[in-house]
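Just below is one structure, and these are the notes that go with it.
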Amino acid sequence: GIKMSAFTLGLNTYTVPFRMHGENRDRVIANLKASGIRSGTVLLEGGKASERDDTDHENLFRQESYFHYLFGVREPGFWGAIDVGTGRTVLFCPRLPEEYAVWMGKISTPEEFKVKYEVDEVLFSDGLEGHLRSEAASKPLLLNKGKNSDSGSTYEPPKLPAFADLETDEGKLFPVLCDSRVFKSPKELDLMAHVSKLTSLSHVHVMRSVKPGMMEYQLEANFSHYSYYNYGCRNMGYTAICACGPNPAVLHYGHAGAPNDRVIREEDMLLLDMGAEYHCYGSDITCSYPASGKFTERQTKVY
């Protein structure tokens, strides 16, 4: 049979078939057609590599979520195009200089990326505009622009010189793509259930380790280590909230200005809001319990 490409980090970590992202593309195309859009090219730009301020330290890359949903690409600097009429999918990878291999490791070829991500073709991104201007890219170009209802921030589409003289649409893709992401496929649900389970087990590990006299950040460290060491979760879904005593009253406690740095006391209630992330799919679980291990009458009533 045909060997299916998948993401895993070895040992006992979860295996995610890249076909999951192909199914996501199929769903978006079907929903676009159901909304009356029967032709055109969905065009998305993936996340970019970034450095810490003016240094050469490259921040750990995490893919932009819409791009990940459709393509599952783990590397920065990619573009993706999907033909609405045929479903044909083309990825565009950066053309990296030879010295990249010395600092960052082996440079994958377009053919290797094609096999890895199970798409129809992979080209270099310096050929993107030529491709978009050609007959190979059906028009209009459907660009993703809209307001995130949680943050209030606007998702801005990329800007390219080619857009000046090509037919583009910035209004139709966003609502369809958002709605498509709301309804999860069986493969997505299995992955989310796995991440929720390992997050729960990581909370149990923290619960067993906590005792008065520890620092809040030690609970964060225990959670992060357990979920990464046992399940390959290098990223957290969000900044950990390890709030004890009066700190649970601060909704997003744990950020750099309030950094999980209080000593845990015998009489404290703990509010621990932490979630692991695997293959860009996250979990969000909050637990509350007394530092002493036993609820007082007052703590019981509040709980």
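Worth a mention:
- Check on residue 274, at pLDDT 95 or above, of a type outside the set (Gly, Ala, Ser) and more than 30 Å from residue 12 (Cβ to Cβ): no
- Every residue from the stretch 114-143 that is open to solvent by 40 Å² or more (accessible area, probe 1.4 Å), in contact (Cβ under 8 Å) with a residue 12 or more places away in the chain and not hydrophobic (A, V, I, L, M, F, W, C): 114, 116, 118, 120, 121, 126, 129, 133, 139
- Whenever a residue of the stretch 20-34 is in contact (Cβ under 8 Å) with a residue 24 or more places away in the chain and assigned to a helix (DSSP H, G or I), its partners that are open to solvent by 10 Å² or more (accessible area, probe 1.4 Å) and not aliphatic (A, V, I, L, M), lying with C-beta atoms within less than 7 angstrom and at least six residues away or across chains, give the pairs 20/187; 22/118; 23/187; 25/87; 26/87; 29/87; 31/179.
- Among (1) buried (at least 18 other Cβ atoms within 10 Å of the Cβ); (2) within 22 Å of residue 22 (Cα to Cα), the one test that residue 168 misses: (2)
- Single match in 234, 208 (criterion: among the charged types (D, E, K, R), surrounded by fewer than 17 Cβ atoms within 10 Å (Cβ to Cβ) and without any contact (Cβ under 8 Å) to a residue 12 or more places away in the chain): 208
- The set of residues from the stretch 108-135 being among the aliphatic types (A, V, I, L, M), within 30 Å of residue 15 (Cβ to Cβ) and in contact with a Phe, Trp or Tyr (Cβ under 6 Å, 6 or more places away or on another chain) comprises 122, 123.
- Checking 40, 72 one by one, the residue that is crowded, with 18+ Cβ neighbours inside 10 Å, in contact (Cβ under 8 Å) with a residue 60 or more places away in the chain, farther than 26 Å from residue 281 by Cα and of a type in the set (Gly, Ala, Ser) is 40 and no other.
Every residue, every condition in (1) at pLDDT 95 or above; (2) touching a helix residue (DSSP H, G or I) at 6+ places or on another chain (Cβ under 9 Å); (3) over 21 Å from residue 27 (Cβ atoms), yes or no:
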{"site": "106", "(1), (2), (3)": "yes, no, yes"}
{"site": "124", "(1), (2), (3)": "yes, yes, yes"}
{"site": "169", "(1), (2), (3)": "yes, no, no"}
{"site": "184", "(1), (2), (3)": "yes, yes, no"}
{"site": "188", "(1), (2), (3)": "yes, yes, no"}
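- Any hit, the stretch 162-177, residues being within 21 Å of residue 76 (Cβ to Cβ) and either out of contact with any strand residue (DSSP E or B) (no Cβ under 7 Å at 6 or more places or on another chain) or part of a strand (DSSP E or B) (or both): yes
- Here is the figure for the stretch 101-113: residues that are more than 21 Å from the chain's Cα centre (by Cα) and surrounded by 13 or more Cβ atoms within 10 Å (Cβ to Cβ) total 4.
- For the stretch 90-102, the tally of residues that are farther than 29 Å from residue 41 by Cα and either of a type outside the set (A, V, I, L, M, F, W, C) or touching a strand residue (DSSP E or B) at 6+ places or on another chain (Cβ under 9 Å) (or both) stands at 4.
The values are calculated or read from the model by the stated rules, or taken from the named source; none is laboratory data. None of these values were measured; they are calculated from a predicted model. Cβ: placed from backbone, ideal geometry, glycine included. Neighbour counts: every protein chain shown. Note: accessible area is taken over every heavy atom of the protein model, side chains too, but ligands, DNA and RNA are not part of it. Shrake-Rupley method; radii C 1.70, N 1.55, O 1.52, S 1.80 Å.
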